[in-house]
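Below is one structure, written out as structure tokens; comments come after it.
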Amino acid sequence: MESDEQQGGAAAAAPDPGAAYREAVRSVMDHAGWHWPKHLLLDPSKGPRFLGSVEELLHELQLGTHMDEVLVLPNGAELLGQRQRLDPRMQQVIGGADNPPAATAYEALERLSKTGMLEELRGKVSYRSEPSERYEDRASGSPGLATQFEALKEECPPEMRHTAYVSEIRRLKPRHCASPERPEARRWRKSSLSRTMRERAHELGLDGRDMLYWDDYSEGTFIGGDQAGYKIHVDCVQTSNLGTIYSGHKMLAIWQYPQASLDVLEDHLDTHFVPPLTPAQERSLESACKVVLAPPGSVYLFSGCNAHAVVNVGWTSPPAQPGDPPLMPSVCLSSYEALCGLSPAHARAMVHTHDPQVHAKSCWMDNDEDLEDFEEDVAFNVANLERRLTNGQVARGEAAQQAAAQAVSLVRAENAEVAELMR
């Protein structure tokens, strides 16, 4: 049997994922230029919490609490078998053995236009009109990406095309999916992936019906080049985001929920934290609870209740060993799904969507009908979860069953509208 000293020595010799992460951050950002202050990106207290396995990720999705944190599963896309789930035409955006990745979202749209895929997709195309601009302009036209790309060509100054960002990409028309955990009437989705993360989780033993909410119907894909990003905001629905990065790096800052999030939105709502940062933006980044650079191939998880700002670092990973390809420009292409597990912290945040005490009114859904649709979805899910509990169908052990019972009770007690819809 090992002595305490031997065990301590073994622990000391174990690799430190945080140290390896900070070394990778330094390597990439020394090459790309430090879009945000170096000391923040290298501060251990502001770094991600690393997950060590797919099973650990599944546990966190259903039972864990990640409020005010960013969780990262390195190489998660490969570990989950999701790397090849992009449409082959979308795969052309991130390149392959014979062609380099697109460097900007504008170039990505050009490639997709040539395949005809833009005719099948909707999303939001934005850009900045000049380098010092902190607010975005939106390309005019219908939700269809083909129309918006034509508008982008006319409206965006050529020297600013590198700032183009395409968000919430999904199919214009839903497609049927044969997911066994979905009711027959709900076997449709607009995801551009051939298999969503919810569907993969089901294959691995985590049934989406044993969660309070999991939206892969309207899963979104995001594409942006280096220094293109998404404005600071909180999500209109207070759920969590499960993201997969297929290429490039995603730099993410989050602020504590709820008060720090409300405060930073008061000062910076809808502005882009892109270089060069203003003095006020630098001060606000100092108050962020996490500042994270998620690498290509990783899967990450954070709460959309936390105010968050995103900037892409549009480069591939540095060579792992001599002879590997050097860093090259690459769009950051990622996808996400919105979900809510059984943790009381996340359940409570979700049912208090549109509560001005914790959710910035400026980030609420645009109309009451959208809120009613969301409440109907939650009521359907929670009532179904309640039935599964009664019938002994909730899987993954006693801890999941107890958490599910507590979550159902919490929703019933704290959201009268959802409780009424469950009758």
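The values are calculated or read from the model by the stated rules, or taken from the named source; none is laboratory data. Remember, it's a predicted structure, so these values are computed and weren't measured experimentally. Here Cβ is always computed from backbone atoms with ideal geometry, including for glycine, and neighbour counts include all displayed protein chains. Calculation scope for accessible area: heavy atoms of the full protein, side chains included, ligands and nucleic acids excluded. Shrake-Rupley method; radii C 1.70, N 1.55, O 1.52, S 1.80 Å.
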Legend entry - Euclidean distance between Cα centres, segment 305-363 to segment 166-211, Å: 20 Å
Legend entry - Förster radius 51 Å - calculated FRET efficiency between A419 and A97 (Cβ-Cβ, nearest 0.05): 0.40
Legend entry - Y246 - accessible surface, heavy atoms, 1.4 Å probe, Å² rounded to 10: 20 Å²
Inset, instruction - Using Cα extents along the principal axes in Å as the read-out, say which of (i) 70, 58, 36; (ii) 67, 46, 40; (iii) 66, 60, 43 was calculated from these coordinates. - result: (iii)
Inset, instruction - Order these peptides, 157-163, 356-362, 381-387, 79-85, by their mean beta-carbon neighbour count within 10 angstrom, highest first. - result: 381-387, 79-85, 157-163, 356-362
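What is the count of Lys pairs in segment 65-217 whose alpha carbons sit under 18 Å apart, if the two are 8 or more places apart or on different chains?
For segment 65-217, qualifying lysine pairs total 5.
Considering only the other residues whose Cβ falls under 14 Å of the Cβ of A294, what net charge follows from Lys and Arg at +1 and Asp and Glu at -1?
Once positives and negatives cancel, what remains is +4.
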Inset, instruction - Subtract the Cα-Cα distance of L172 and R89 from 0.36 nm times their separation in residues, and report this length gain in nm to one decimal. - result: 28.3 nm
Inset, instruction - Counting only DSSP beta bridges with both residues in the chain, tell me the antiparallel percent, nearest 5. - result: 95 percent
Inset, instruction - Quickly estimate the mean residue ellipticity at 222 nm for the chain, helices only: each DSSP H run with n ≥ 4 gives -39500 (n - 2.57), and the total goes over all residues, rounded to 500. - result: -10500 deg cm²/dmol
